[in-house]
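Data block below; observations after.
The values are calculated or read from the model by the stated rules, or taken from the named source; none is laboratory data. As the structure is a computational prediction, the values presented were derived from the model and not from experiment. Glycine also receives a Cβ, built like all others from the backbone with ideal geometry; neighbour counts cover every protein chain displayed. Remember, those area values only see protein heavy atoms, side chains included, never the ligands or the DNA or RNA. Shrake-Rupley method; radii C 1.70, N 1.55, O 1.52, S 1.80 Å.
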Amino acid sequence: MNTPALNPIHTCVRAGVRHLTGVLLLCLTSQMAQAQDAAKALNLFQSLIRPGQATPADSGAGVAGAVLGAALAPAGNPAAGGGDLFQLLSQSIEQIDEPREIQIGQQLAAVLLGSKPLYPDMAVQRYVNQLGRWISLQSTRPNLPWTFAVLDDPGFNAFAAPGGYVFITKGLLDRVTDESELAGILAHEITHVTAKHHLIAMNKTARAGLVTQLIGSQLRNDLAGLVSSQFLALGRNLYSKGLDQQDEFDADRSGVALATRAGFDPYGLVAVLQQLRTASPGDALFALSLSTHPAPQARLNLLEEAMGTRLDSYAGQPSVTVPDRLKRLAAAGQRPTARAATPPAKK
């Protein structure tokens, strides 16, 4: 018997795979240095997004500029922006229009970049960025300035920020068995963005007045700095605590539908969850992912209930590993394109 929870899957599968007429790479030179403190990262991120600051193409900064630069626009003083955005989040989610949502995502991306640098391989960054953008074009918000990047971190993690920013770790990329698994993960994160899960979570925390408790009183004499630090603390708390369990379950269901609509095996995300189910809670590489998400078995149970056998006709596509895909693209002497990175949908 059909349930409302299955509607996104049926809707997306019926829509089929739309032809991609073109996806442009983000390419802009800029500067960036790794920062351990998120407040410093905001300042560095503003430098990253300013055009006309050339850096060597093979450096980590060059990768950061090429992957992230063109997607972002200067937002003025980072501290002032953080204060304004925190005050906005403290009021009502309905007041956050799309430009402000993108600005919030930009500053949360700075929090993530302040924690880990980008993986310094432009071919890998291009591949993940364009694969993610192909999938995002099938989403309910294809016109966001979608940006995808790989963090140089051995852990098994993926993160999203409002406005279309998605990060995965190199450790995750190394552990996916094939492209459909990576597609399932990216689709899950894309769904968090389209549903505004992060904005809603931050709004709840800000309105509950919990943020001041997170940062102490070291900035009590600097009101602007205090509010800006509250925004940073809000972001750190979000990524260390995770989203509501129901948001994760919804992102699983809708993510499977989105990945299928983009032409991938619908069981890719299921395979990822099966891998997480066997991971030891004491394994540091999986610790954050396991602590910020519901138990993998619970996620699998709900996905099995939602999917049933309805998507089986879209399964069983030829398996392509990420290393094989990159080798094929390199041998062909071409940059990754969404069509090259996307298997055909099974009819």
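Scan around Asp153 for amide H atoms under 5 Å from its own, H built in the peptide plane at 1.01 Å from N, and keep only partners 5 or more places away or cross-chain.
Lys170, Gly171
Below 8 Å, C-alpha to C-alpha, sequence gap of six or more: please give me the relative contact order for the stretch 154-196 in percent.
42
Under the Karplus relation 6.51 cos²θ - 1.76 cosθ + 1.60, θ = phi - 60°, what is the ordered set of whole-Hz ³J(HN,Hα) values for the stretch 325-332, x standing for Gly and Pro?
Whole-Hz 3J(HN,Hα) from phi for the stretch 325-332: 4, 5, 5, 4, 5, 5, 5, 7.
Can you pull the accessible area of His192 for me, 1.4 Å probe, Å² to the nearest 10?
Approximately 0 Å² of His192 is accessible to the 1.4 Å probe.
Go through the stretch 261-274 residue by residue and turn each phi into a ³J(HN,Hα) via Karplus (6.51, -1.76, 1.60, θ = phi - 60°); whole Hz please, and just put x for glycine and proline.
Rounded to whole hertz, the list is 4, 7, x, 9, 4, x, 8, x, 5, 4, 5, 5, 5, 5.
Using packing as a proxy for protection, rank 161-172, 195-206, 110-121 so that the peptide with the highest average count of other Cβ atoms within 10 Å comes first.
161-172, 110-121, 195-206
Under 12 Å from the Cα of Lys116, which aspartates and glutamates turn up, not counting those fewer than eight places away in the same chain?
Lys116 reaches Asp37, Asp152, Asp153.
Around Val176, what is the net charge, scoring Lys/Arg as +1 and Asp/Glu as -1 over all other residues with Cβ under 13 Å from its Cβ?
-3
Step through the residues of the stretch 157-162 one at a time and calculate ³J(HN,Hα) from phi using the Karplus curve (6.51 cos²θ - 1.76 cosθ + 1.60, θ = phi - 60°), rounding each to whole Hz and writing x for Gly and Pro.
Couplings: 8, 9, 9, 9, 9, x Hz.
Using alpha carbons only, what's the Rg to Rh ratio of the stretch 92-146 with Rh from Kirkwood?
1.04
Compute the distance in nm between two label points, each set 7 Å from the Cα along the Cα-to-Cβ direction, one at Arg277 and one at Ala331.
3.5
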